[in-house]
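Note sheet for the following structure.
Derivation of every value follows stated rules applied to the coordinates shown; laboratory data play no part. Treat the numbers as computed from the prediction; the structure is a model and nothing was measured. Don't worry about glycine lacking a Cβ; one is built from the backbone with ideal geometry, like all the others, and counts go over all protein chains shown.
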Amino acid sequence: MSEILAQLFQGFTVALDPINIFAVVVGGIMGVIVGGLPGLGSVAGVALLLPLTFKMNPTTAVIMLAGIYYGNMFGGSISAILLNIPGDSPAVMTAVDGYQLARQGKAGKALYTAFFASFIGGMIGAVILTFLGPALAFVGLRFGPAEFTSLILFALMSVGWLLGENPAKGIMATGIGLLLSTIGVDMIQGLPRFTFGMVNLTAGIPFIPTVIGIFGFAQVLKLLSAGYEIGQTTMVTARLSIRDSFLSIKEWAEVSFTIVRGSLIGFFVGLLPGSGATMASFMAYIAEMRLNKHPERLGKGALAGVAAPESANNAASMGAFAPLLSLGIPGSGTTALLLGGLMMWGLAPGPLLFREAPEFVWGLMASMYIGDIAVLLLCVLLVPFLAYIPRVPKAILAPTTIALCVLGSFSVNNSIFDIWFMVFMGVVGYFMDRLQFPTPPLVLALVLAPRLQTAFRQALMISPGGSPMIFITKPISLAFLLAAIVMVTLPVLIKKRKDSPSA
Amino acid sequence: MREDFISSLIGLGLGLYWIVMGIIYGFWEETGPASGFTPVVFGLIVTVSSVALFWQSLRSKKDKKQIITKKELLDLFKICLAVCLVIFCIPRLGTFTSLGLLLVIGIKLISSSTWLMATCTGVGITVILYLVFKVWLMVPLPQGLLGF
C-alpha cells in the first residue's frame, strides 16, 4: 500500500507538470464537446485527435487522449438530458430519466446530478484502478464465453423492471430488440441473416443511428405532430434559479448510495474485455430498478435514474484501463485505439510496463484525478447556460434537433443509409411511444443480445460434446445463473407468502 | 384497443417470419447451435408475447376513442416527407445547403416570424453546425453542387 502511494505521489509530480495539466484540461474539454454532439462518441474523438498527438511526448499524448475518453462521459449526458438525444451510447439510459426531469423544469438539477455522479464515479474508478487495477485485471480475464452468457442472462432477467404497466407489450418490445440484434452477418459462421440483400446491413443495424432515431427524432415527431402536448409550457415558465439546480441534502442522501453502487458496478463491467461503458450504464440502471426504495419513480424523472448510469459509465472508463495497462488487452473500443497509440510510441502495455515505464503509468493514473476535477469544474460552470436550452422555442428547437440527428447519424459511419435508418427507427419509436410500448427494453436487448448470441454459441463449441453443463461447471457462470434464478423467483415467493391466508 | 390488435398482428407476423427464416438458416448442427438458433428463440418470444397482446385486445372493452388520430398521422407523414426530401437533397445540393433550407423553412412554417428572421436564425445555426462538424471535427459530409 505504501509503495503504491509513493508511486502515485511520484505520478502526481509528472501529472502536475504545466504541459500535462494543459493536456488533460484540453482533452477533457474536447471530450465534453465531442460527447455532447450526437453520433460522435469517445472512439471518434480519440480517433480524430490521435494524429495531432504524434509529435507530443507519449505521456502527455496519452494523458490528453484519456482526458477525451472520460470527458466524453460527462458530455454525453448534456444532449441526453436537454434534447433526449444521447450524445453517445453510454448516455442512452441517462436520457430516460434526464429528459423527463428537463420537461419538469429541472434541467439544471438533472445536469448537476449527472456531472457530480460522473465525477464521483470517475474518482471511485480511479481509486480502485490505482490500488487494485492490476490484480482485478486478472479476474476479468477469467471471464470466458460461459461466464459472459450467464452475466448477460442475469441482466436480461432483470428487464422485467423496465417492462412498464403491460408486461405483454414490454416483452414484445424486448423481443423486437432481440430480433433486430440478429440482423447482419453471423459472427460464428459468417452467414448473412435478415439483410434483405442490403450491403449496409451486413454489419448489423447501426446502433447509434437507431438510438438517435428512437429517442431524438421520435421526440421531434412528437413535438411537431398534432394531439401530443409535450408540456413545453412547464419548461418555459419554470423559474431557472441556479441555486434551485443544486441538490438538497435530502436529494444527496437519496442518490449517494446509487452513485457508489453504480460506480462499483461500472468499474467491474468496464474491467471485462469488450464490455465498455454502454453495458456498464445499462447494468447499473437495471440494478437501480431492483434495489432502489422507490423503483416506480424510475423512468419518470428520478434523480437516481440519472445518477446510476452516469456514475457507472465514468467508472467503467477507468476500469477499461486496468486490462489495458496490466495485460495489454483493451477493455473497450476507445482503449483499443489507445493501445494502438501506445504501441506507436514504443510503449508495450503489459505487466512489464509498470516496471519499465513507471513515470508513464503513474503519471497517467495521477492525471485522471486532476482531469476529473477539471472537467467537473468546466461542466458546473456551463450549467447556467445549458439549462436555458429547453426554453428555446419549438420553432427553432425542432429543426435544429432534426439537423443534429442527421449530422450525428451520418458521422458514425459516413453513410447516408444510416440517416435513412435513423428516420425509420424514429417513426418506430414514435409509434411505440404513442401505443405505450416501452423503448428501454428494446435498446437494452439491442446492446446485450449480440454478445449473448456469440458467447452462448462459443461456450457450447468449447464445451466437451457441446454440453450445456459448461454453464454449471464454471463457478462464476453458476453464480450468475443462481443469482438470476433468485432474482426471478424470490419476489414471487415473498409475494405468495404475504398473500397467504395464514400470514 | 384497435391499435393493440394491429400491433399484435404485426408482432405475430415478425415473430413467425423470424422463426421460419431461422429454421431455413439452420437451427442445430453437430458442433452446436447453428446460425438460425437465436432467430428461432427470439422469434418465439415475440410470437408468444404477440399472442398475449392479441388476446388482451380481444378481451378489452371496445374503446371508440382512437389513440392516434388521422390528423396526427397526416402531420407525421408531412414531417417525414420533408425530412426524406432533405436527405434526398444532401448528396445533390450538399449537407449544409440542404439543412440550411430545412432550418429556414422549418422555422418560418412552425413559428409566426418573418422570412427575414427565419433566414437569419436558420443561416446562423447552419454556420455554427458547419464550423463544428466540418471545420473543427472534419467529418467528411457530402458537399454537393455548391460545395457545402
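For residue B:5 and residue A:388, a Förster radius of 30 Å and the Cβ-Cβ distance give a FRET efficiency of 0.10, rounded to the nearest 0.05. With an a/c value of 1.5 or above and a/b larger than b/c for the gyration tensor axes a ≥ b ≥ c computed over the alpha-carbon atoms, the range A:278-426 is described as prolate.
Here the range A:2-467 is treated as an ellipsoid with the same Cα gyration tensor; its semi-axes, largest first and in whole Å, are 33, 28, 21. Show which aspartates and glutamates lie in cross-link reach of residue A:394 when reach means a straight Cα distance below 16 angstrom and same-chain residues fewer than eight apart are skipped. By straight Cα distance, residue A:394 reaches A:229, B:75. Label sites at residue B:123 and residue A:199, each approximated as a point 7 angstrom past Cα along Cα to Cβ, lie 3.9 nm apart. Peptide B:24-37 is shielded by partner chain Cβ atoms: per residue, an average of 5 of them sit within 10 Å of its Cβ. Rg over Rh for the range B:2-59 works out to 1.15, both radii taken from alpha-carbon positions and Rh defined as the Kirkwood radius. Model label points for residue B:81 and residue A:343, set 7 angstrom from Cα along the Cα-to-Cβ axis, are 5.4 nm apart.
Once you mark the GluC sites (Glu not before Pro) that are in a DSSP loop and have at most 15 other Cβ atoms within 10 Å, what is the longest gap between them in chain A? It runs A:230-503. Qualifying chymotrypsin sites (Phe, Trp or Tyr not before Pro) in the range A:352-455, where qualification requires a DSSP coil assignment and no more than 16 other C-beta atoms within 10 Å, comprise A:388.
Rounded to the nearest 500, the 222 nm mean residue ellipticity of chain B from helices alone is -24000 deg cm²/dmol, with -39,500 (n - 2.57) taken per DSSP H run of at least 4 residues.
3J(HN,Hα) along the range B:41-52: 4, 5, x, 5, 4, 5, 4, 5, 5, 5, 4, 4 Hz, from the Karplus curve 6.51 cos²θ - 1.76 cosθ + 1.60 with θ = phi - 60°, whole Hz, x for Gly and Pro. Arranged from fewest to most other beta-carbon atoms within 10 Å of their beta carbon, A:94, B:114 become B:114, A:94. Computed extension gain for residue B:16 through residue B:58, at 0.36 nm per residue and net of the alpha carbon distance, reaches 13.1 nm.
Taking other C-beta atoms within 10 angstrom as a stand-in for reagent exposure, A:212, B:128, A:402 fall in the order B:128, A:402, A:212, fewest first.
Near residue A:435, no amide H atom lies under 5 Å from its own; only residues 5 or more places off or on other chains count, and H is placed 1.01 Å from N.
The range A:344-396 and the range B:83-124 have their alpha-carbon centroids 36 Å apart.
For the range A:106-122, backbone phi angles converted through the Karplus equation (6.51, -1.76, 1.60; θ = phi - 60°) give residue-by-residue couplings of 10, 4, x, 5, 5, 5, 4, 4, 4, 5, 6, 5, 4, 4, 5, x, x Hz, Gly and Pro being listed as x.
Applying the criteria of a DSSP loop state and at most 13 other Cβ atoms within 10 Å to the GluC sites (Glu not before Pro) of the range B:10-108 yields B:30. By the beta-carbon count within 10 Å of each Cβ, the least crowded to most crowded order of A:246, A:9, A:471, B:37, fewest first, is A:9, A:246, A:471, B:37.
In a DSSP loop and with at most 13 other Cβ atoms within 10 Å, the trypsin sites (Lys or Arg not before Pro) in the range B:41-140 are B:61, B:62, B:64, B:65. Backbone amide hydrogens, once placed in the peptide plane, bring residue A:328 within less than 5 Å of A:350, excluding anything fewer than 5 places away on its chain.
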